[in-house]
Amino acid sequence: MIIPASERVPLEKCPALVLNADFRPLNYYPLSLWCWQDAVKSVFLDRVSIVSNYERKIRSPSFEMKLPSVIALKNFIKPSEHPSFTRFNVFLRDKFTCQYCGEKKDLTFDHLLPKSKGGVTDWENVVTACSTCNVKKGGRLYSASGMYLHQKPFRPTVDDLHQNGRNFPPNFLHESWMDYLYWDVELLP
């Protein structure tokens, strides 16, 4: 849902989109958002520049300002080349889809070479699987399971995960964010 700038919303629903110094979001999934208090604090500490504002104002007895909707860090944070190996990042790499049957519910992960047979928990040996397929494969080797993968597991880059994350937009998007999200998506003729 895209919230128009003119709509008045409670302060708790006014997060700021955080951009790196190169004006790209720090993260796409989860989207890099700060609560309004952290955004205002960072403005006062001169750590960020305000790129865009909500129409909503905040006030104190001696001060008034528009609430920032998009902020950019003043110092560039170099993204790591390879993301951490986490359950969430495995799911994101595999687009929250069972790599055996394509199911999108009741997800877990599966070791192609089971741990009981010396398999390790790493990018190249773990895939997203639904509970049904995980039980069906059991402790067997992938090669002996008779099951087929939609995609061979791989170690993703941060860009791979960002690309996949764009397929899962958050429930809340403010219209002032749109110029900074998906700007590098190929346009259709």
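General remarks:
- Every test in (1) within 23 Å of LEU161 (Cα to Cα); (2) not assigned by TED's automatic domain parsing to the domain that holds TYR142 is passed by LYS74 save one, and that test is (1).
- For PRO61, the conditions (1) more than 19 Å from ARG166 (Cα to Cα); (2) assigned by TED's automatic domain parsing to the domain that holds HIS150 all hold with the exception of (2).
- Subset of segment 112-125 [without any contact (Cβ under 8 Å) to a residue 40 or more places away in the chain, under 15 Å from HIS150 (Cα atoms) and surrounded by 16 or more Cβ atoms within 10 Å (Cβ to Cβ)]: ASN125
- Top-ranked residue in segment 132-189 [being over 24 Å from GLY102 (Cβ atoms) and touching a Pro at 6+ places or on another chain (Cβ under 7 Å); ranked as modelled with the lowest pLDDT]: LEU181
- Residue match in segment 97-118 (condition: small (Gly, Ala, Ser) and in contact with a helix residue (DSSP H, G or I) (Cβ under 7 Å, 6 or more places away or on another chain)): no
The values are calculated or read from the model by the stated rules, or taken from the named source; none is laboratory data. Everything numeric here is computed off the predicted structure, so don't read it as measured data. Reconstructed Cβ throughout: ideal geometry from the backbone, glycine too, with neighbour counts over all protein chains shown.
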